[in-house]
Amino acid sequence: MTRILLIEDEPEMAKLVAGNIAKAGFLVDRAGSCEEARLSLEVARYGLVLLDRRLPDGDGLSLLAVVRARQPGTPVILLTALDQLDDKVHGLDAGADDYLTKPFFNDELMARIRAALRRPGAEPAAAQMCGRLRFDPGSREAWIDGQPLAFKRRELLVLEALIRRAGRVVQRDALIDAVYGMDDEVQPKALDSHVSRLRKRLTELEAGVVIHPVRNVGYLMRQA
């Protein structure tokens with residue numbers, strides 16, 4: 001299932017757009033600022049980014065370079081009230097794949113999303129390695145010494161978030177955002193259960209990695 005990052009600071013607009021996208025069968029994460037978006041791009045892999053220009057901590061165009069550096073080939077559609085020709089030209093020249101001005105019809109947005117997802121990516125995302133464990137963010141598949149591994153969906157999302165930042169602490173809130181949709185109801189201790197099962201499985205498989213809980217902060221994956 002394709003995961004989409006919606007970067008929009010106006011709560012009602014974000015809720016409406018995210019709801020419509022989710023109804024079409026996509027997973028949706030929401031970020032309300034440049035900083036939140038950067039964190040999301042560090043811990044999750046996205047098939048498409050929807051980006052507002054006017055964010056509380058800067059121009060959304062500053063995130064285009066971040067997307068291109070961390071997730072090459074991921075299409076970006078600008079959703080903005082800036083509707084002058086110069087604004088459109090500047091946005092597209094800055095690296096956006098498409099430009100849709102507010103207000104817009106949901107049917108047009110969905111058509112543009114489908115069109116953007118049909119285009120081949122510029123280059124595949126690099127595989128992530130830690131210990132004997134290899135993870136492909138494009139296919140979301142994991143291997144040890146060439147042998148494919150089977151994980152439950154939530155555990156695989158935990159693995160993706162941790163291995164993308166191997167050697168660094170992933171904050172708990174960021175990990176929850178990576179594993180659950182923004183509108184999912186997360187039960188207390190649910191994340192800890194997923195991490196615990198993943199850690200046990202990796203130990204059984206002798207993957208050569210360890211996952212450490214960092215008290216009141218999050219989790220850290222590193223080579224054993």
*Selection within segment 149-177 - part of a helix (DSSP H, G or I), under 15 Å from Asn216 (Cα atoms) and open to solvent by less than 30 Å² (accessible area, probe 1.4 Å)*: Ala174, Leu175
*Since Glu42 meets every condition but one in (1) touching a Lys or Arg at 6+ places or on another chain (Cβ under 7 Å); (2) closer than 27 Å to Leu157 by Cβ; (3) open to solvent by less than 30 Å² (accessible area, probe 1.4 Å); (4) not in a loop (DSSP other than H, G, I, E, B), which condition does it not meet?*
(3)
*asked:* Against the conditions (1) closer than 27 Å to Glu155 by Cα; (2) aliphatic (A, V, I, L, M); (3) more than 13 Å from the chain's Cα centre (by Cα), where does Val66 fall short? Just the number, please.
replied: (3)
*Counting just the residues of segment 119-148 that are in a loop (DSSP other than H, G, I, E, B) and of a type in the set (Asp, Glu), which one comes out modelled with the lowest pLDDT?*
Glu123
*From the list Pro137, Pro56, Pro72, which one is loosely packed, with under 14 Cβ neighbours inside 10 Å, within 14 Å of the chain's Cα centre (by Cα) and touching a residue at least 12 places away in the same chain (Cβ under 8 Å)?*
Pro72
_Is it the case, given these coordinates, that Ala116 is touching a residue at least 40 places away in the same chain (Cβ under 8 Å), touching a Pro at 6+ places or on another chain (Cβ under 7 Å), open to solvent by less than 20 Å² (accessible area, probe 1.4 Å) and within 21 Å of Ala37 (Cα to Cα)?_
yes
*Any idea which of Asp173, Asp83 is modelled with pLDDT under 90, among the acidic types (Asp, Glu) and under 19 Å from the mean Cα position of the chain (by Cα)?*
Asp173
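The values are calculated or read from the model by the stated rules, or taken from the named source; none is laboratory data. Since the model is a prediction, treat every value here as computed from it, not as a measurement. Here the Cβ is made from the backbone with ideal geometry for all residues, glycine too, and neighbour counts use every protein chain on show. These area figures cover heavy atoms from the full protein model, side chains too; ligands, DNA and RNA do not enter into them. Shrake-Rupley method; radii C 1.70, N 1.55, O 1.52, S 1.80 Å.
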